[in-house]
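Here the structure is laid out as structure tokens; the discussion comes afterwards.
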Amino acid sequence: MIRMLVSVALVAMIAFDARADVLTDPNEIVARANLAAYYAGADGSAEVRMLISDVQDRRQRRQFTVLRRDIADGGDQQFLVVFSQPSDVRGTVFLVDKHIDRDDDRWLYLPGLDLVKRISAGDKRTSFVGAHYFYEDVSGRRPTEDTHELIETTDTAYVLRHVPIDVGSVEFGSYVTWIDRETFLPMKIEYTNPAGRLYRRVEVLEVATFDGHPTVTVSRVSDLSSGGRTDMQFRYIQYDIGLPADVFAERSLRNPPREWLQRPTD
């Protein structure tokens, strides 16, 4: 009898602890998801393979290396994206200075024209080098740009609805995010247009852990209106590699830092 009572008490304690772990503040959930998705480690690098498919399954491939450095955890960041394949985009470079309190600074270098093009704030939600990903998807959307509502908590996910504060700056009316309760990685995002029609979906297909950080290794963006999609595979993922600030200087657009673009060796 005593053993049974102890077992019941333990079950009750476990159930209480599980309930205690459930978050109810949508802003806290979003803040933790933002850290998990974009701030793992103090810096990082990965090689990315991108497969762009249209509704007729015609395909284009892209390969690039992305470098990231945090200026402050949860704050300003820098990103450098350098394309290596195919030949028509080799040498294209995308540089981002991400700011928390103002619009990000974004530049694109086009080697065929030897042209540095500044990406305006109004273009942040346009196609990134022909893919179904947007420029804004690379460095992420600031949590303060939207209002957040927790609409459901399941056994595995927090489900939140987000509405843009500046409706004129984006093409969507709202979006819903499924955030993993254990890793806090956003596992699915669905966008609806101002008329309420679902038109875009972002999905995480595979996750693995590197240096203690759960990390997306395969993702997909689907254009539900056109039927096209873009798949991305992340490889050679590293964190806390000591990227110096000068890697993210504007001169890296024309002269990328080759020593930081090499695949890691065992």
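Quick note: the coordinates plus some simple rules give every number you see, no bench work behind them. Being a predicted model, the structure only gives us computed values, none of them experimental. So basically every Cβ, Gly included, is an ideal-geometry build from the backbone, and we count neighbours across all protein chains shown.
Taking 20 °C and 1.002 mPa s as the conditions, I'd like the Stokes-Einstein D for the stretch 45-106 in µm²/s, using the Kirkwood hydrodynamic radius from alpha carbon pairs. Intermediate results must be reported in sequence, preceding the final value.
Working: Rh = 13.2 Å.
Using the Kirkwood radius from Cα pairs, D works out to 162 µm²/s.
Enter the angle in degrees (range 0 to 90, nearest 10) between the Cα long axis of helix 26-38 and the first principal axis of the Cα atoms of the chain, meaning the one along which they spread out most.
50
Quick check on the chain: helices-only [θ] at 222 nm, where DSSP H runs of length 4 and up contribute -39,500 (n - 2.57) each and the sum goes over total residues. Nearest 500, please.
-4500 deg cm²/dmol
Report, as a whole number in µm² per second, the diffusion coefficient that Stokes-Einstein gives for the stretch 164-203 at 4 °C and 1.567 mPa s using the Kirkwood radius over alpha carbon pairs. Don't skip to the answer; put the middle values down first.
Values: Rh = 10.9 Å.
Rounded, D is 119 µm²/s.
In whole angstrom, how far apart do the alpha carbon centroids of the stretch 53-86 and the stretch 123-152 sit?
The two parts, judged by their Cα centres, are 14 Å apart.
Looking only at Cα atoms, what is the convex hull volume of the stretch 25-260 per residue, in Å³? The partial results should precede the final answer.
Numbers: hull volume 29.9 nm³, N = 236.
Here the figure is 127 Å³ per residue.
Under 5 Å between amide hydrogens, which residues at least 5 positions from L224 or on another chain qualify, with H placed 1.01 Å from N in the peptide plane?
So L224 has HN proximity to R200, R201.
Helix 2-20 versus the longest principal axis of the chain: what angle, 0 to 90°, nearest 10, using Cα atoms?
Between the helix axis and the principal axis of the chain, the angle is about 40 degrees.
Which FRET efficiency, nearest 0.05, do D123 and V22 yield, Cβ-Cβ r, R0 45 Å?
Numbers: r = 39 Å, r/R0 = 0.87.
For D123 and V22, the calculated efficiency is 0.70.
PRE reach from L115 (point 7 Å along Cα→Cβ): which of the stretch 70-104 fall under 11 Å by backbone N?
Backbone N within reach: none found.
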